[in-house]
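Shown next, in structure tokens, is the structure this report addresses.
Derivation of every value follows stated rules applied to the coordinates shown; laboratory data play no part. These numbers come from a predicted model, not from an experiment. Backbone-built Cβ (ideal geometry, glycine too); neighbour counts: all protein chains shown.
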Amino acid sequence: MATAARSLAAGGLVAFPTETVYGLGADATNPAAIARLYQAKGRPAFNPLIAHVGDLSSARQIARFDATALALAETFWPGPLTLVLPKTPDCAVADLATAGLDTVAIRIPAHPVARDILRIFGGPVVAPSANLSGHVSPTTAAHVQSDLAGRIDLIVDGGAVAVGVESTIVGCFEQPMLLRPGGVPRADIERLLGRALVQPPEDADSDNGQPLAPGMLASHYAPRTRVRLNVIHLEPGEALLAFGLGAISGIDAASTVMNLSERGDLAEAAANLFGYLRTLDTKGARTIAVMPIPQDGLGEAINDRLRRAAVGRE
Ligand code: TXA
Ligand code: MG
């Protein structure tokens with residue numbers, strides 16, 4: 001467990017058992033580690049991730065709990081329930097892990113191995129299920145090994161997990177919403193709340209054919225400033241989101257330039273993406289102009305998120 005915590009602190013990717021399924025953990029505050037995590041899962045898509053914490057006071061440092069959220073946390077944590085909550089202003093979870101949303105998904109797992117790792121590590125750990133994208137979630141260390149050996153730094157074998165399906169995800173919005181059915185039965189939650197959980201809208205994105213969750217992905221992060229993609233000629237006064245050191249005409253008249261990765265590294269670009277978009281959005285530019293980004297590796301997910309940011313305001 002100490003080795004796992006050290007590896008996480010060094011930016012490593014560590015698979016570990018939770019009571020639901022094995023998770024693939026990374027330091028939730030380290031965007032470069034999170035970019036590697038998306039890469040390791042293959043066919044990368046920046047689905048927002050669940051931040052795992054060891055106790056309620058750590059959870060309250062990263063998210064705001066209203067009375068309903070507190071009641072759910074006190075009743076079902078530690079355990080297979082994830083709450084989607086508004087981030088606190090000083091939330092340490094990287095924008096890349098929350099896909100730039102203003103909300104963060106959190107849970108306190110019940111598995112003793114997960115709890116020990118979180119306690120020793122001492123910070124939030126993001127962990128999607130430890131499978132390749134499109135595969136089913138792993139319930140043994142051997143499943144993790146067969147999907148991810150060679151792509152990650154460490155697998156902590158804690159035997160077969162107890163629950164075997166992922167956590168139930170509840171969005172603590174005006175009306176509490178069942179974003180994904182899972183380890184805590186809906187009826188138990190509704191009994192505590194004294195009312196029915198509402199359903200997410202029909203157009204919710206699907207998580208690679210796994211149980212639907214990301215109801216709120218309809219509200220993908222989009223800057224207020226217009227976004228223009230695949231730009232090779234800059235108009236005066238535009239803010240430039242650059243990639244690599246390729247030439248671009250009109251750059252002298254740019255209002256601001258931020259480079260996702262001067263050395264053209266897609267993992268570095270992914271780690272910087274949401275933070276840079278947010279910064280450029282505050283500069284009062286007419287447009288955020290984005291240079292072409294290659295479509296390979298993490299580039300596919302970067303381009304997907306950029307397209308969503310662009311249509312958001314068209
Ligand atoms: O049992 C589990 O929850 C396991 C173990 C490892 O903890 N983890 C897991 O993570 O299933 P993952 O990444 O496979 O699924 C997380 C789901 C995704 O469908 C994602 O869209 C949703 O949580 N999610 C995360 N943050 C969200 C947010 N801010 N708003 C809405 N949905 C969110
Ligand atoms: Mg999954």
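Count Lys and Arg as plus one, Asp and Glu as minus one, and take only other residues whose Cβ is under 13 Å from that of Gly246; the net charge is then 0. Note on Asp252 and Asp102: their simple-model spin labels are 4.1 nm apart, each label 7 Å out from Cα toward Cβ. Centroid-to-centroid, using Cα positions, the stretch 76-144 and the stretch 263-314 are 25 Å apart.
Show me the ranking of peptides 52-59, 97-104, 227-234 by mean Cβ neighbours inside 10 Å, starting with the highest. Mind showing how you got there, number by number?
Numbers: 52-59: 19.1, 97-104: 22.1, 227-234: 16.9.
Ranking the peptides 52-59, 97-104, 227-234 by packing returns 97-104, 52-59, 227-234.
Suppose every Lys and Arg Cβ carries +1 and every Asp and Glu Cβ carries -1, with no other charges. What dipole size does the chain come out with about its Cα centre, to the nearest 20 debye?
Values: 26 positive and 31 negative charges, 53 e Å.
That gives a dipole near 260 debye.
Packing, taken as the mean count of other beta carbons within 10 Å per residue, orders the peptides 240-252, 10-22 from highest to lowest as 10-22, 240-252. Which angle from 0 to 90°, rounded to the nearest 10, does the C-alpha axis of helix 67-76 make with the longest principal axis of the chain? Roughly 50 degrees between the two axes.
Remark: relative contact order (the stretch 39-161) = 33 percent; criterion is Cα-Cα distance under 8 angstrom and separation of 6 or more residues. Rounded to the nearest 10 degrees, the inclination of helix 266-281 to the longest alpha-carbon principal axis of the chain is 70 degrees. Highest mean first, the peptides 80-93, 131-144 sorted by other C-beta atoms within 10 Å per residue fall in the order 80-93, 131-144.
Rounded, prolate or oblate: which one fits the stretch 243-294, using the alpha carbon gyration tensor with axes a ≥ b ≥ c (rounded when a/c is under 1.5, else prolate when a/b beats b/c, else oblate)?
Values: a/c = 2.39, a/b = 1.19, b/c = 2.00.
Here the stretch 243-294 falls in the oblate category.
Shown here for the stretch 259-314: trypsin sites (Lys or Arg not before Pro) in loop regions (DSSP other than H, G, I, E, B) with at most 16 other Cβ atoms within 10 Å, namely Arg263, Lys283, Arg286, Arg313. Neighbours of His233 by Cβ distance under 15 Å: Lys/Arg scored +1, Asp/Glu scored -1, total -1. Loop-located trypsin sites (Lys or Arg not before Pro) in the stretch 97-174 (DSSP state not H, G, I, E or B) with no more than 16 neighbouring Cβ atoms inside 10 Å: Arg151.
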